[in-house]
Amino acid sequence: MNEALPERSEHEIEELLGAYALDAVDPDEAAAVERHLRTCVRCSAEVASYHEVTGLLANSGGDAPTALWDKIADRLDEPAAPSWDLLAARLDPPPRSRPSGTEPDGASEPRDGSAAGDGTVIPLDGRRRRGRLFVRAMGVVAAAAAVAALVLGVQVRHLDHQVSALSAGRSTVTAAMQTALENPATQRVLLTATPTSPDRTATVTLVLGTSDTSYLAAQGLPPLAPGETYQLWGVINNQRISLGVLGAAPTVRAFSFDSGVKVAAFAITAEQAGGVVQSTHAPVVEGVVRT
Amino acid sequence: MIDLELASDANLVVAVGRWHHPALAECYRRHGGAVHALSRRILRSEQAAEEITQEVFLDLWQHPEKFDAQRGTLRSFLLARTHGKSVDLIRAETSRRRREDRTTRETATSGYDIEHQVWDMTVAEQVHEALTALPDDLRRPIELAYFGGRTYREVATMLGEPEGTVKSRIRAGLSRLKVNLAERGVEPAGAER
């Protein structure tokens, strides 16, 4: 963080690991430890083990407060979420039908929430709790089992509707991405802005289908100057492999990707038009693949 | 569709990654109480604890990829985030108060109080035993730093010990505590999921 400070030796870093795990170090020390942890598996494991220990020390909470969950649930659809909410809103501003003030007890609802509709409150379960938690469906008439998929479907249709006016080709891509999203085997990877990104709100969502074709939807990537392009990279066996160039202002793209290849992370860089074999630029957005 | 109650924490987080509200609710049901209790203990404010708890779960909703099931349990991940955010808040608050009132008493006494309050809540007896089995000079820095939100430098000042000594004792204490817990057969928090 503070570049003026001398690099600490590995021994000094190791001595800090316990205090770091307790958040008991100064910011420059925390930054130094974090730099070290990125490349040191042994020290990462040591910190993780301390977190397990402190988790036990703290493990004295009672039931989760039900009223507090309601506050959290109310904020899940805030535009801060780097999700399709934002993407859909940008391309096709509301309707976003999130009704408020409809919170019946819902105690008689079945657990699968099969009657869940607009603003319906879905009780998750009452068996093992003294309190009761509720989940609010997102304004889609849907079985709770399919809430997430349907919400995505609706939002992608918004996207599709808007994009189709601009480009039939893009519309086809969007429709195909929507189909991929509806497949439960599809994997989603969220790439978020890096500290060096010109727009810290930029996000890119990758939709990795079971076929060889995957999809990408970008939001907030600043358009590049003529003669430049964004380029997608996959980190495979610690190597950054180019997966294709995306143009100067990508929104929705399909790209070829063998779903059998194990990719640890994805990143996007800004490069000269045509792309490069090896990038020397820091990623604009990046994200790890959860296994 | 996964059965949320039977799902592992890792599978819940994958479902959270697909914007599945009920999965986040289940994460909250399992761990919200511990998150809320820890932040309230550190901050001693119900309102601040609620804010931190909301932030922790909204972070999980927005960035589920930050949780790495290979690294540890969801419980310890959430509690580490909770601790970090709570400590940030307490330090910002402390520096604000210091700026506002230079005469504010900033002594070791408030820290020592914490030591006696650590076990106010119901804590598993074995965890309690494992901690109390530590020698005082290893146990005290951990309690002051973890529950008091102090840096090791502040702890060193409070205890009148060299900073390097406190730093080493925290590390040694955590390592010993890990062994003590293992000897008592205590599993990491949430490991049964």
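The values are calculated or read from the model by the stated rules, or taken from the named source; none is laboratory data. The structure displayed is predicted, hence computed values, not measured ones. Cβ placement follows ideal geometry from the backbone for every residue including glycine, while neighbour counts extend to all protein chains displayed.
For every residue, the table says whether it meets (1) under 28 Å from B:ALA10 (Cβ atoms); (2) of a type in the set (Phe, Trp, Tyr); (3) touching a residue at least 60 places away in the same chain (Cβ under 8 Å); (4) assigned by TED's automatic domain parsing to the domain that holds A:LEU191.
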position: A:VAL207; (1), (2), (3), (4): yes, no, no, yes
position: A:THR210; (1), (2), (3), (4): yes, no, no, yes
position: A:LEU216; (1), (2), (3), (4): yes, no, no, yes
position: A:LEU221; (1), (2), (3), (4): no, no, yes, yes
position: A:LEU243; (1), (2), (3), (4): yes, no, no, yes
position: A:THR251; (1), (2), (3), (4): no, no, yes, yes
position: A:VAL261; (1), (2), (3), (4): yes, no, no, yes
position: A:ALA273; (1), (2), (3), (4): no, no, no, yes
When you go through B:ALA10, B:ALA34, B:ALA15, B:ALA69 one by one, which is the residue that is assigned to a helix (DSSP H, G or I), within 19 Å of A:GLY55 (Cα to Cα), small (Gly, Ala, Ser) and more than 7 Å from every other protein chain (Cβ to nearest Cβ)? B:ALA10
Which of the residues that make up the range A:236-259 are farther than 16 Å from A:THR203 by Cα and of a type in the set (D, E, K, R)? A:ARG240, A:ASP258
B:PHE57 is checked against (1) within 18 Å of A:LYS71 (Cβ to Cβ); (2) more than 9 Å from every other protein chain (Cβ to nearest Cβ) and fails just one. What number does that condition carry? (2)
From the option list A:GLN231, A:GLN219, single residue qualifying as buried (at least 17 other Cβ atoms within 10 Å of the Cβ), within 19 Å of A:VAL173 (Cα to Cα) and within 14 Å of chain B (Cβ to nearest Cβ) is A:GLN219
Taking B:SER8, is it of a type in the set (Ser, Thr, Tyr) and under 20 Å from A:ARG75 (Cβ atoms)? no
Are any residues in the range A:4-43 more than 7 Å from every other protein chain (Cβ to nearest Cβ) and in contact with a helix residue (DSSP H, G or I) (Cβ under 7 Å, 6 or more places away or on another chain), and if so, which ones? A:LEU5, A:ARG8, A:ILE13, A:GLU14, A:TYR20, A:GLU29, A:ALA30, A:ALA32, A:VAL33, A:HIS36, A:LEU37, A:CYS43
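Rundown of residues vs (1) out of contact with any Gly (no Cβ under 9 Å at 6 or more places or on another chain); (2) assigned by TED's automatic domain parsing to the domain that holds B:LYS178; (3) crowded, with 21+ Cβ neighbours inside 10 Å, yes/no style:
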{"position": "B:CYS27", "(1), (2), (3)": "yes, no, yes"}
{"position": "B:GLY33", "(1), (2), (3)": "no, no, no"}
{"position": "B:SER39", "(1), (2), (3)": "yes, no, yes"}
{"position": "B:ILE42", "(1), (2), (3)": "no, no, yes"}
{"position": "B:ALA48", "(1), (2), (3)": "yes, no, no"}
{"position": "B:GLN62", "(1), (2), (3)": "yes, no, no"}
{"position": "B:SER76", "(1), (2), (3)": "no, no, yes"}
{"position": "B:GLY84", "(1), (2), (3)": "yes, no, no"}
{"position": "B:LEU89", "(1), (2), (3)": "no, no, no"}
Sole residue being part of a strand (DSSP E or B) and out of contact with any Gly (no Cβ under 6 Å at 6 or more places or on another chain), chosen from A:SER197, A:SER279, A:SER259, A:SER214: A:SER214
So, in the range A:27-53, of the ones that are charged (D, E, K, R) and assigned to a helix (DSSP H, G or I), which residue ends up farthest from B:GLN70 (Cα to Cα)? A:ASP28
Looking only at residues in the range B:141-181 that are within 22 Å of B:GLU129 (Cα to Cα), within 9 Å of chain A (Cβ to nearest Cβ) and among the charged types (D, E, K, R), which one is surrounded by the fewest Cβ atoms within 10 Å (Cβ to Cβ)? B:LYS178
Taking A:TYR50 and the conditions (1) surrounded by fewer than 21 Cβ atoms within 10 Å (Cβ to Cβ); (2) at pLDDT 90 or above; (3) within 30 Å of B:ARG40 (Cα to Cα); (4) facing chain B (nearest Cβ under 10 Å), which numbered condition does it fall short on, given that it satisfies the others? (1)
